[in-house]
Amino acid sequence: MLELIIAYVILAVAFGLLRVLRSLAWERKIPSGTTWLFGLVAYVALIAVVGVAFIIGASLLAMVDDGDIWDWIGFLLLVLALAGLTYYIEEYYEAIDFSDMLPFWLACLRLEDPAIRRAEAAKAPESRKQPKQIVAPDPLSTHPREKAKPVERMELKEELERLSAGESVDVADALRVNSLRDGTAERYEHVRKIFVDPEDRQLRFQLLFPSLKNDGLQSVDGRVRVLQQVYDLFQFLQEEAWLADFDVHIDEFRVECFLVTIDSFNMPTERSFLRVYVPLSELRDHAGKAYAVTELERLGRATWI
C-alpha cells in the first residue's frame, strides 16, 4: 500500500507542476522552445497514472491469492480515501480542473509547444489565438443584435423535465452548443458552472477574471470597471435566444467572481472576490439604456468579499 501512496503523490506533484507550467505558458512567462520540459512532466504524470493502475491491479491479484479480510478492508479504504481526496479537491477547490487540464496534458504528450499555442485552441476556431476580455454590446446602441435560433439538443427535454420537478440543472452544455453556433463563444470564455435553479428561480454561474490583480480592486474606478463587465455580461446573456427554453424558471441572474492569486506555496489559486445578483425583469427594463452600475452596490446587489 505504501507503493500506491508514493505513486499517487508523484502523480499529484506532476499534475501540479503541469498546472503551474500551463499558467506560466499562457502568460508568456516561459519562452518557446521549452517543449521538452512540458513533455517531461507530462510523461512523468502518465507513468504515475499507469503506476497507480498497475499497483491497484497487482495488489488485488495478490490479495485474491493469499490476502485476508483485513488486507481487503485496508486496501479498499485506502483506494476510497485517495479517490475521495481527488474528488474533494476537484469539486471544492478546482485545483485539478480536468476539463481544462486534459487537452493541455495531451498536447504536452504530443510535444506541442504550449508557449506558442494554447491546447484549448483545438476546440475553437483558428482565429481564437488569444484570450479576450468579455465585452458586451454597447448598451446605448439602437441596433439590437439579431438573435440566432437555438440549437436543438437531445438533452433539452430531459433538462426541462428535471426543472419542472424542481431539480437544479447544469445548462453549460446549452450555452456551449449555442454560443459556438452563433459565434459568441468568446464572450463566455471565462464563464463556468452555469446552473438554473427552479427552487430559488435563479440562473447562477461563476466568472473568472484571469488577468485581474488584487491591486485592481483597491480603487473605485477598478471596482466600477469590474461591475460594468459583470452587468454587460448579464445584459448580453439575457438576450441569448437559447435561454428562452429556461426562461419560465428564472427570475434573477446571480454570479460569483474569481481572480487568480499566488498562495504561500507559490502556486496559483483562485479567490472569490465578488457576488452580484440582478432581477431579470430589471435587466430587460434597462436593455439598450445607460445604467449606473454603482446602483448595484447601493441596492445591496453587489457584495465585495
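Every read-out reported here was derived from the displayed coordinates using simple, explicitly stated rules and does not represent laboratory data. Everything numeric here is computed off the predicted structure, so don't read it as measured data. So basically every Cβ, Gly included, is an ideal-geometry build from the backbone, and we count neighbours across all protein chains shown.
Under a 5 Å amide H cut-off, with hydrogens placed 1.01 Å from N, Thr261 pairs with Thr269, Glu270, Arg271 among residues at least 5 apart or on other chains.
I need the shape label for region 175-226. Rule: rounded when a/c is under 1.5, else prolate if a/b > b/c, else oblate, with a, b, c from the alpha carbon gyration tensor. It would help to have the intermediate numbers written out before the result.
Working: a/c = 3.01, a/b = 1.51, b/c = 1.99.
Oblate, because a/c is 1.5 or more while a/b does not exceed b/c.
In this simple spin-label approximation, Leu106 and Glu295 carry label points 7 Å from Cα along the Cα→Cβ vector, and these lie 4.7 nm apart. Each principal axis of region 216-264 carries a Cα extent, and these read 43, 27, 16 Å when sorted largest first.
Considering all different alpha carbon pairs of region 131-304, the Kirkwood hydrodynamic radius works out to 17.1 Å.
Between Ala172 and Arg284, what length comes free when the chain is fully extended (0.36 nm per residue of separation minus the Cα-Cα distance, one decimal in nm)?
Details: separation 112, 0.36 × 112 = 40.32 nm, distance 2.22 nm.
Value of the extension gain: 38.1 nm.
Distance between the pseudo-spin-label points of Val260 and Phe195 (7 Å out from Cα toward the beta carbon): 2.6 nm. Modelled spin labels at Leu160 and Leu208, positioned 7 Å past Cα toward Cβ, are 3.3 nm from each other.
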